[in-house]
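Peer 1: Here you go, one structure.
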Amino acid sequence: MTKVTMTVNGRPMSGEVEGRTLLVSFLRDTLGLTGTHVGCDTSQCGACVVHVDGKAVKACTMLALEAEGAEVATIEGQAAADGTLNAIQAAFQEHHGLQCGFCTPGMVMSAAALLKENPKPTETEIRHYLEGNLCRCTGYHNIVKAIMAASGQDVSSIAAE
Amino acid sequence: MYEFEFARPATVADAVQALTAEEAQALGGGQTLIPTLKQRLASPSVLVSLSGIAEIKGICQTDEGLLAIGGGTTHAEVAEGAGAYPALAALAGQIGDPAVRNRGTIGGSLANNDPAACYPAAALASNAVIVTHAREIAADDYFQGMFTTALEEGEIITEVRFAVPEAANYQKFLQPASRFAMVGVFVAKYFDGVRVAVTGASEEGVFRWREAEAALSANFSPDAIAGLSVAQEGMIGDIHGTKAYRAHLVGVMTKRAVSAAR
């Protein structure tokens, strides 16, 4: 076992891991941050997306020891300390961007990465950016709408489908 | 995954040393290797991560005017930073999905030489120089069949050098589930001729379509290859597409690439 240390949602965290321990296992099993989900475990579905040094990555396809010294952001750090949702989370709620909620942590983290790179994305750009995030409930339409709304764009003309 | 030791050296020299261990394996961005380890298709004794080596990351212009990309540079960084070679930057921006592009590296992709990966097509069409810690290998000598390259055990790709063509384009017919190329064609027009490299199609991995190269070198237009086709024999046939389908796609994607080349 090796000690790994990283900053998670602004707080220094460390734990003992094996070489083969995945980042997502460290977050969920060692730190108890179970908001980051494991869907497919094959880097297809995106339920495990977190940010490492500001970049969206699939935490099921990165070893914990590769995040040594990194700044990691997970879904747990997105809302304010008093529980107030951030703009993306609030927009997902407002525009029904989730049903079962399993993919939502990854969707929100991917959306946050997109809006940091591209603050006013078009609908097409959002759909392309979400290529690595699968949702089996919503049909994506309201997810896209929520992200457009979170970026401050008018979504009144986008029909609910 | 089977157990392994993990090493994350900070220099190429330390990584080369770590890779001398028996059954040691280099880890690039891990976007292929980690899934492979999960399936227990590989069982290294030591996994040597290259992600902590700053000297193999980044993009620059060499004194000879070549575009040099560090082996540890991610697809996202190439998409963003290889503006001097727009077709290459566009190719990098179409690999996998955004999260995959933030981890996967050009060196890792070329070392793996997946028969449907995108980078081998760019490297072969550009006759890129694959620079390792030990030597320089021309792309024409580097690709040796599906998942097979000229790399020796423990050899690390430190840099890839591209001569920027006068015009180039990559056309990828996406296999939408895997996001690899069902067929991808990279066309590059240099002052002394045109090179056409095809990925995704052949059981031998990436290959040059020399008949098309000759025709396009004489006349760089889609019409020049209207009568040409590749043989079905040796094409990949699977549930996603037959041999005939892939052979047909090679022609279609080449014409599209020529039309779109800038």
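Peer 1: Rounded to the nearest Å, what's the spacing between the alpha carbon centres of the range B:98-173 and the range A:138-152? Just the number, please.
Peer 2: 37
Peer 1: Still on this model: Sequence-distant or interchain residues sharing an amide H contact under 5 Å with B:VAL183, placed H: which?
Peer 2: Hits under the 5 Å cutoff: B:PHE173.
Peer 1: To continue, here is another question. For helix A:141-150, what angle does its Cα long axis make with the longest principal axis of chain A, in degrees from 0 to 90 and rounded to 10?
Peer 2: Relative to chain A, helix A:141-150 is tipped by roughly 80 degrees.
Peer 1: What is the order of A:HIS96, A:HIS51, fewest Cβ neighbours within 10 Å to most?
Peer 2: Ascending number of Cβ neighbours within 10 Å: A:HIS96, A:HIS51.
Peer 1: List the relative contact order of chain B as a percent without decimals, with contacts defined as Cα pairs under 8 Å and 6+ residues apart. Could you put the intermediate results ahead of the total?
Peer 2: Working: 606 pairs, mean separation 39.5, N = 262.
Over chain B, the number comes to 15 percent.
Peer 1: Next up: For a quick check: with amide H placed at 1.01 Å from N, whose amide H comes under 5 Å from B:GLU5's, ignoring anything fewer than 5 positions away on the same chain?
Peer 2: Counting only residues 5 or more places away or on other chains, the set is B:VAL46, B:LEU47.
Peer 1: Would you kindly derive the ³J(HN,Hα) couplings of the range B:95-101 from the backbone phi angles with the Karplus curve 6.51 cos²θ - 1.76 cosθ + 1.60 (θ = phi - 60°), listing them in order in whole Hz, with x for Gly and Pro?
Peer 2: 7, x, 9, x, 5, 5, 5
Peer 1: Related question: What's the exposure ranking of A:MET1, B:MET1, B:MET182, going from fewest to most Cβ atoms within 10 Å?
Peer 2: A:MET1, B:MET1, B:MET182
Peer 1: Treat each spin label as a single point 7 Å out from the Cα along the C-beta direction, and report the A:ALA90 to B:ALA163 distance in nm.
Peer 2: Taking the two extended label points, one gets 5.8 nm.
Peer 1: Name the lysines eligible as straight-distance cross-link partners of B:LYS172: C-alpha to C-alpha under 27 Å, and not fewer than 8 places from it in the same chain.
Peer 2: Of all the lysines, those that pass the test against B:LYS172 - Cα under 27 Å, at least 8 places apart if same chain - are A:LYS55, A:LYS58, B:LYS57, B:LYS189, B:LYS243, B:LYS255.
Peer 1: Place a point 7 Å from Cα of B:TYR2 in the direction of its Cβ. Which residues in the range B:123-161 have their backbone N less than 19 Å from it?
Peer 2: B:153-154, by backbone N distance to the label point.
Peer 1: Residue by residue through the range B:156-163, what is 3J(HN,Hα) from phi via Karplus (6.51 cos²θ - 1.76 cosθ + 1.60, θ = phi - 60°)? Round to whole Hz and write x for glycine and proline.
Peer 2: 10, 6, 9, 7, 10, 10, 10, 7
Peer 1: Pull up all non-local amide H partners of A:LEU33: gap of 5 or more, or a different chain, and H-to-H distance under 5 Å with H placed in the peptide plane.
Peer 2: It is A:ARG28, by chain and number.
Peer 1: Could you please state, rounded to a whole Å, how far the C-alpha centre of the range A:18-45 is from the C-alpha centre of the range B:190-246?
Peer 2: 42
Peer 1: Which whole-Hz couplings ³J(HN,Hα) result when phi for each residue of the range B:88-94 is put into the Karplus expression 6.51 cos²θ - 1.76 cosθ + 1.60, θ = phi - 60°, listed in order with x for Gly and Pro?
Peer 2: Along the range B:88-94, the couplings run 6, 4, 5, 4, 4, x, 9 Hz.
Peer 1: Also, I was wondering about something else. Only Cα pairs within less than 10 Å get springs; with that Gaussian network setup on chain B, which residue of B:THR158, B:THR11, B:THR132 has the largest fluctuation?
Peer 2: Its mean-square fluctuation being the largest, the pick is B:THR11.
Quick note: the coordinates plus some simple rules give every number you see, no bench work behind them. Values in this document were obtained by computation on a predicted structure and should not be read as measured data. Cβ atoms come from the backbone with ideal geometry, glycine included; neighbour counts cover every protein chain shown.
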